[in-house]
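To keep things clear, I will list the structure first and then write my remarks on it.
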Amino acid sequence: MPEHPYQQIENLLSSADAEKIHQGLELVRKEIARIGSKEARPLFEMVATLFHFDMLDRPDLVPVLNEAVSLVVGFGDWVIPELLRELDDGDLKAQLTIGHALGRIGADAIQPLIAEYHATDNPARRVFILYALGKIKSPRVEQAIPLALEALNSPDLELRDTATRAVGKFAECIPSFSDAVRTEILEKLRRNLSDSSPVIRAKAVRSLGKLAKFGHLTSEERHSLKTILERLMGIDEHYEWDYAYIVRREAEEAYQYVQ
């Protein structure tokens, strides 16, 4: 008796062999073309199991994971709430991949992500929502700025860390900020330059550098940032550099944008 197509797909996707997984994804693609993406929920559930791969343990599976993400993104808007539900799984590897997939979906995911952020008070869940928003390359991500501004002050280290990174990512694709928003971003990023976590300090420097790189700063703000960066690198008259190498490295990178 011939194997049911979905059983064949499931068997291939559950393999540890990259080529067999690729074959399974090819069958998924053909089946979607046959039935339409809106009827493909069972296929999504099978493909989503690949999000749990450990890429550090199995770097050979990176291409098929990327292929799986592309397939999921192509399912359409109905997959957004499904991906948000998958965030509850608690598997960090899967959560990062889901965040990447939501980011790849783009502007259509912004409002669902914002709504989900407001619907939860779980800092871990909010971290991955902000992470996903930071992956979206659309000016419409400006709608998420209030979330990031609030999270920049969070007592939760991971949420504060993700927000510090996110505002820099937003600066890459938002044409301009209002004076009030820009001032608040600068104030909070500067405050995070004194964070006890060197990783957060480094990300604050990186985001400040992106504000300069993408033309969001006035000449006075650029000069002020230059002074801050010189202090962090220890090249001003005080020689009081940041003790963390990652902070000094980010300062050196950002310095080129304030010359």
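Points to keep in mind about this one:
- Estimated distance in nm for a label pair at Ser14 and Ala33, the labels positioned 7 Å out from Cα along Cα-to-Cβ: 2.7
- From the coordinates shown, Rg and Dmax of the Cα atoms in Å corresponds to which of (1) 21.3, 82; (2) 22.3, 90; (3) 18.6, 57: (1)
- Local net charge near Val199, Cβ-Cβ under 11 Å (Lys/Arg +1, Asp/Glu -1): +1
- Put a plus charge on the Cβ of each Lys and Arg, a minus charge on the Cβ of each Asp and Glu, and nothing anywhere else: the dipole of region 77-172 about its Cα centre is then about 340 debye.
- If the segment from Arg190 to Asn66 were pulled out straight at 0.36 nm per residue, it would be longer than the present Cα-Cα gap by 41.0 nm.
- What you get for region 150-259, charging only the Cβ of Lys and Arg (+1) and of Asp and Glu (-1), is a dipole of about 260 debye around the Cα centre.
- The label point for Trp78 and the one for Glu253, both projected 7 Å from the Cα toward the Cβ, are 4.1 nm apart.
- Nitroxide proxy distance, nm - points 7 Å out along Cα→Cβ at Asp179 and Leu96: 4.3
- Partner lysines whose Cα lies under 21 Å from the Cα of Lys213, excluding those fewer than 8 positions away in the same chain, are identified as Lys135, Lys137, Lys169, Lys188, Lys203, Lys226.
- Counted by neighbouring Cβ atoms within 10 Å, the residues Leu71, Leu27 run from fewest to most as Leu27, Leu71.
- Note on region 200-235 and region 101-156: Cα centroid distance 24 Å, given to the nearest whole angstrom.
- Each Lys or Arg adds one and each Asp or Glu takes one away; over the other residues whose Cβ falls under 10 Å from the Cβ of Ala244, this sums to +1.
- Length, then width, then depth: along the principal axes, the Cα atoms of region 176-259 run 34, 25, 18 Å.
- In terms of the mean number of neighbouring beta-carbon atoms within 10 Å, the peptides 170-183, 54-67 order highest first as 170-183, 54-67.
No value in this document is a laboratory result; all are computed from the given coordinates. Keep in mind that what you see is a predicted model, and the values were worked out from it rather than measured. No Cβ is skipped: glycine too gets one built from the backbone with ideal geometry, and neighbour counts run over all protein chains shown.
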